[in-house]
Amino acid sequence: MQSLPELAYYGLKLICSPKLGEGNEAVRHVFHRLLYVILMRSEGHSHRPIPLVPTRAVLAAKDQAIQFVSHIVDELKETVLPTLRILIQHICAQTVDKAEYRSSGAQAVVQLLSKMPCAEYASFIKWLYGFSLQSKVAYRMFALDVVMALIEQPERQAEASLPPELAPFLQHRFLVQVMVFGRRSDRAPAVRGHALTCLAHCLELQSPNASESVQELFSAISPQKVLETEGCESTNNIQDTNIQSTCMNYKTIEMTGKVDVTTFD
């Protein structure tokens, strides 16, 4: 006999099925409801979701939700990728700004990003870079947590069809030298400290790409190549209001700032 959660997810799978004729709209609604399970937040009786204590049951529910989303992506493939992107964006924007929740949210982002093909993955990292420049400290802190979780994964290899301008976003070197090292002079002490801690942690990782990227930063032979931005303290002050209002409506979060990158040799 199946358990109640298994029956519930079976019902959600039927709702997401293209046979019902609702298409991605049904999937979008289901993913929206699962967002709060992944975030370990409860809507309660108010319009502002409140954090749940991360008990074993809450963590198990979160893991089940991630597994279900991954299964739906495996089943529906390319047609559901835009909906998956929205879900991951909202995990980034709505994760509770506490270390335990940020760590859990970052791992969820990495797990779901693994379901994206090369081009969509690189496009999301480009979005994440723009997100990491926002004026809200919580966004910049969470972006660092996601980057560190990504660096612990094998580096993605560029496919032949990948646009050249997206190729740098696949590299661990970009994550370390731009997104981590770029926050070393952040105007917020918490972000500065977190960035330096992350940089030190890169040297302890098993990934040779991460440690080599740090060593290059301090090598006179291989100078750092950075993004064409105004400096490591730059942020986009305009976007935070847009992000917060978009979170309320659960739709794509756009970044309009310049996010060009110098190609790494």
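The residues of the stretch 86-122 that are open to solvent by 60 Å² or more (accessible area, probe 1.4 Å), assigned to a helix (DSSP H, G or I) and either of a type in the set (D, E, K, R) or at positive phi (or both), listed by number, are 100, 120.
Scanning the stretch 33-44 for any residue that is touching a residue at least 40 places away in the same chain (Cβ under 8 Å), open to solvent by 30 Å² or more (accessible area, probe 1.4 Å) and not in a helix (DSSP H, G or I) turns up at least one such residue. When each of 220, 210 is tested for being open to solvent by 10 Å² or more (accessible area, probe 1.4 Å), aliphatic (A, V, I, L, M) and either in contact with a strand residue (DSSP E or B) (Cβ under 7 Å, 6 or more places away or on another chain) or at pLDDT below 85 (or both), the lone residue that passes is 220.
Among the residues here, residue 185 qualifies as in contact with an Asp or Glu (Cβ under 6 Å, 6 or more places away or on another chain), surrounded by fewer than 18 Cβ atoms within 10 Å (Cβ to Cβ), among the small types (Gly, Ala, Ser) and in a loop (DSSP other than H, G, I, E, B). Checking every residue in the stretch 55-78 against the condition of being part of a loop (DSSP other than H, G, I, E, B) and more than 10 Å from the chain's Cα centre (by Cα) gives at least one match. Residue 178 meets each of the listed conditions (1) modelled with pLDDT of 95 or more; (2) open to solvent by 10 Å² or more (accessible area, probe 1.4 Å); (3) of a type in the set (Val, Ile, Thr) apart from (1).
Mind checking whether some residue in the stretch 88-103 is out of contact with any Ser or Thr (no Cβ under 6 Å at 6 or more places or on another chain), farther than 24 Å from residue 49 by Cα and not small (Gly, Ala, Ser)? No, the stretch 88-103 contains no residue that is out of contact with any Ser or Thr (no Cβ under 6 Å at 6 or more places or on another chain), farther than 24 Å from residue 49 by Cα and not small (Gly, Ala, Ser). If you filter the stretch 185-219 down to residues that are charged (D, E, K, R) and within 21 Å of the chain's Cα centre (by Cα), you find that the one that is nearest to residue 154 (Cα to Cα) is 192. Here the stretch 138-165 is the region considered, the condition is being farther than 18 Å from residue 110 by Cα and touching a residue at least 60 places away in the same chain (Cβ under 8 Å), and the residue that is nearest to the chain's Cα centre (by Cα) is 165.
When the stretch 5-22 is filtered for residues that are touching a residue at least 40 places away in the same chain (Cβ under 8 Å), exposed (fewer than 15 other Cβ atoms within 10 Å of the Cβ) and either under 22 Å from residue 55 (Cα atoms) or touching a Ser or Thr at 6+ places or on another chain (Cβ under 9 Å) (or both), the ones remaining, listed by number, are 5, 18.
The values are calculated or read from the model by the stated rules, or taken from the named source; none is laboratory data. The model shown is predicted, which means the values in this text are computed figures rather than measured ones. Heads up, the Cβs are rebuilt from the backbone with ideal geometry, glycines too, and the neighbour counts pull from every protein chain shown. Heavy atoms of the whole protein, side chains included, go into the accessibility calculation; ligands, DNA and RNA do not. Shrake-Rupley method; radii C 1.70, N 1.55, O 1.52, S 1.80 Å.
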